[in-house]
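Engineer: There's a structure below that I have some questions on.
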Amino acid sequence: MTIPDTWRKSSHSGGGDGNECVEIASSPTHTAIRDSKAPATRTLTFPAGAFAPFIDSLKSSKRGTAPR
């Protein structure tokens, strides 16, 4: 997969220069995330249909509920 060149920072990236979170890039077939503090390092890439369940699982874990 070719990683898109258009990265967006999370809305939860914090104050200042916003380098405290993740960036996301998406294409029709994949979604990629990377550490905003080290963008030249590895990315985590998901098939298009797997990213939303991944995020839902993280949200469920934060709330202390089991993912569906």
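Engineer: Add +1 for every Lys or Arg and -1 for every Asp or Glu among the other residues with Cβ under 13 Å from the Cβ of Thr43, and state the total.
Structural biologist: Taking every other residue near Thr43 into account, the sum is -1.
Engineer: Does the stretch 20-65 classify as rounded, prolate or oblate by the C-alpha gyration tensor (a ≥ b ≥ c root eigenvalues; a/c under 1.5 gives rounded; else a/b over b/c gives prolate, otherwise oblate)?
Structural biologist: Cα axes put the stretch 20-65 in the oblate bin.
Where a number appears in this text, it was derived from the coordinates with a stated rule and is not lab data. Keep in mind the model is a prediction, meaning the values are calculated, not measured. Cβ: placed from backbone, ideal geometry, glycine included. Neighbour counts: every protein chain shown.
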